[in-house]
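**Q** Below: one structure in structure tokens.
The values are calculated or read from the model by the stated rules, or taken from the named source; none is laboratory data. Here the structure is a predicted model, which means the values were calculated and not measured. No Cβ is skipped: glycine too gets one built from the backbone with ideal geometry, and neighbour counts run over all protein chains shown. For accessibility, only protein heavy atoms count, side chains too; no ligands or nucleic acids. Shrake-Rupley method; radii C 1.70, N 1.55, O 1.52, S 1.80 Å.
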Amino acid sequence: MNDKIIAARITAMPRPMPVGMFDPMPEVIVTTEDSKEHTLFSFYPDELHFTPQEFLGLTIEEAHQLRTTKDIQYLKN
């Protein structure tokens, strides 16, 4: 799939601990040029940070590569 991402949103962050212990992790949800919505991944917000703008113009594969790159950077620090 080579359609570009035209819109992106990130779902709510979990509440502070310990209240948010069982809250779901935020998810990145995008819409591609074919008007289809895709849930790309969830992430731990204490490890990774994303903004919706980072995904605009990327393909789904490129968006996954962005997550991998940020994950590797986090693990190296």
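**Q** Counting just the residues of segment 12-53 that are open to solvent by less than 40 Å² (accessible area, probe 1.4 Å) and assigned to a loop (DSSP other than H, G, I, E, B), which one comes out farthest from His64 (Cα to Cα)?
**A** Filtering first and then ranking leaves Gly20.
**Q** Sticking with this one: Quickly run through segment 1-11 and pick out the residues that are in a loop (DSSP other than H, G, I, E, B) and farther than 14 Å from His49 by Cα.
**A** As a first pass, look at segment 1-11 and keep what is in a loop (DSSP other than H, G, I, E, B): 1-3, 11.
Across segment 1-11, the qualifying residues are Met1, Asn2, Asp3.
**Q** Among the listed residues Leu75, Leu66, identify the single one that is among the aliphatic types (A, V, I, L, M), surrounded by 11 or more Cβ atoms within 10 Å (Cβ to Cβ) and not in a strand (DSSP E or B). Lay out the reasoning, then the answer.
**A** Details: Leu75 fails: surrounded by 11 or more Cβ atoms within 10 Å (Cβ to Cβ).
Result of the check over Leu75, Leu66: Leu66.
**Q** How many of the residues in segment 1-53 are of a type outside the set (Gly, Ala, Ser) and in contact with a strand residue (DSSP E or B) (Cβ under 8 Å, 6 or more places away or on another chain)? Please lay out each step first, then the result.
**A** From segment 1-53, those of a type outside the set (Gly, Ala, Ser) are 1-6, 9-11, 13-19, 21-34, 36-41, 43-53; that's our starting set.
After this cut, where a residue has to be in contact with a strand residue (DSSP E or B) (Cβ under 8 Å, 6 or more places away or on another chain) as well, the list is 1-6, 9-11, 24-33, 37-41, 43, 50-53.
Result for segment 1-53: 29.
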